[in-house]
Amino acid sequence: MLQDRRILLIIGGGIAAYKALELARLLRRRGASVRAILTKAGEQFVTPLAVAGLTGDKVYGDLFSLTDEAEMGHIQLSRAADLVVVAPATADLIAKMANGLANDLASTALLATDKRILIAPAMNVRMWNHAATRRNMATLVGDGVAVVGPREGSMACGEWGPGRLAEPEDILAAIDALLEPGEGPLKGRHVLVTSGPTHEPIDPVRYIANRSSGKQGHAIARAAAAAGARVTLVSGPVEIADPAGVHVVRVQTAREMMAAVETALPADVGVFAAAVADWRVDAPAGQKIKKGSGGAPALLFAENPDILASVARSPLRPRLLVGFAAETENVVAHAQAKLQRKGCDWIVANDVSPGSGVMGGDHNSVHLVTANAVRDWQRMPKDEVANALVNEIAAALSAEPRP
Ligand code: CTP
């Protein structure tokens, strides 16, 4: 419930602005009050009248409006909220925020607020991938701004890629996680999630990696947080945004991931979705390896620690330990063997053969393998796999007494 929570919703200019109306409707249905700032560009996509209709309040738009300032100054506007939500957050708004610009009501309120800010970016995929936006996003994340989305998909401009505004339900879940941490079936539980690939250096400029995007692991962290858990996400290098309301520890190599996991323990639940490199280069070169007369270099590998197997044997083993199995053939049989070998409780097995589109894609079709059963889940978006898995986890934990 978001009963009596006050949201300041800043609506930027973009084709996705209409979804902010749906968000306002959902928020009010949950009991929150919504006050909106509509930017000049936003007015090109939704009308102040429509926004006022859905928020049930006056819409603010002009920094230099004497009536607005007399009723509620811009400083007051940004502070009389529990959370500031920017949806859609355009490249322009993001750039202003990252640089502390304040030349209209929205950017002024964002600079003046002392509350947490959640942004839901939406823009053309090239704008999202542009170095300037990458830099600005890194600045905002470093400043503690929470981010939800963007999603991948086809765009109004006819291109395809990340840049679509997160769905209103996802934005709502992120708001929930920020405002109501600790509510839900995993309330009071610590969930530790690993996600993404690892990068194993060959020399200072080269590394060995794999195609994992981190989407599934991040979705699980987000779903666990939405279910009320305190979540630590240990992530290898990924291109996607941090889930809101989750403590993220960034690592590069398998050994760093192992150390970060050990530091994060104890946890009630471990979900190890990372695609950890099994081997690292034994002695990475201190300087860039140059082409020389010696021909192609031969790399000598050393085996990386198996994080899942080692945590399964640890005195701090989480009560429920879930591994993933990425397989290209005999998916279930290999997963069953892996469950035994690694000593975890469940394995989420997925087919990552080239035709499956799972690696890097938005969908997953998985089998949940436990000690005495195999359940085949239908193909569904990774977000839904995450929700379904978190529901299973909550059910399993509620079936046993708390320590
Ligand atoms: N895993 C891990 N540490 C490793 C390797 C894997 O924690 N060094 C975890 C993964 O996060 C996943 C599970 O173990 O939860 C299985 O990963 P997978 O790559 O499918 O298995 P491998 O151990 O690599 O086994 P195989 O080479 O037989 O596929």
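Computed values, structure above
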item: Using a Förster distance of 25 Å, the FRET efficiency for residue 341-residue 247 (Cβ separation, nearest 0.05); result: 0.25
item: Label-to-label distance, nm, for residues given as residue 256 and residue 208 (7 Å Cα→Cβ offset); result: 1.8
item: Theoretical gain in end-to-end length, residue 376 to residue 62 [0.36 nm per residue, Cα-Cα removed]; result: 107.6 nm
item: Nonlocal Lys pairs with alpha-carbon distance under 25 Å, the chain (8 or more apart, or different chains); result: 20
item: Label-point separation, residue 309 to residue 3 (7 Å along Cα→Cβ), nm; result: 5.2
item: Theoretical gain in end-to-end length, residue 301 to residue 288 [0.36 nm per residue, Cα-Cα removed]; result: 2.9 nm
item: Heavy-atom SASA rank of 211, 341, 35 (probe 1.4 Å, accessible area, largest first); result: 211, 341, 35
item: Difference of contour (0.36 nm per residue) and Cα-Cα distance, residue 154 to residue 43; result: 37.6 nm
item: Heavy-atom SASA rank of 45, 64, 324 (probe 1.4 Å, accessible area, largest first); result: 64, 45, 324
item: Accessible-area ranking of 303, 200, largest first, probe 1.4 Å; result: 303, 200
item: Solution diffusion estimate, µm²/s, Stokes-Einstein, the chain, Kirkwood Rh from C-alpha pairs, 37 °C, viscosity 0.692 mPa s; result: 145
item: Alpha-carbon centroids, the stretch 184-201 and the stretch 242-280: separation in whole Å; result: 6
item: Heavy-atom surface of the chain, accessible at 1.4 Å and reported per residue (Å²); result: 47
item: Mean separation of Cα contacts under 8 Å (6+ apart) over length of the stretch 335-403, as relative contact order %; result: 24
item: Of all accessible heavy-atom area on the chain, the percent that carbon and sulfur account for (1.4 Å); result: 52
item: Per-pair calculated FRET efficiency, R0 = 45 Å: residue 333 and residue 139 via Cβ, rounded to 0.05; result: 0.40
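The values are calculated or read from the model by the stated rules, or taken from the named source; none is laboratory data. Remember, it's a predicted structure, so these values are computed and weren't measured experimentally. For neighbour counting, all protein chains shown are included, and Cβ atoms are generated from backbone atoms with ideal geometry for every residue, glycine included. Surface areas here come from the heavy atoms of the whole protein model, side chains and all, with no ligands, DNA or RNA. Shrake-Rupley method; radii C 1.70, N 1.55, O 1.52, S 1.80 Å.
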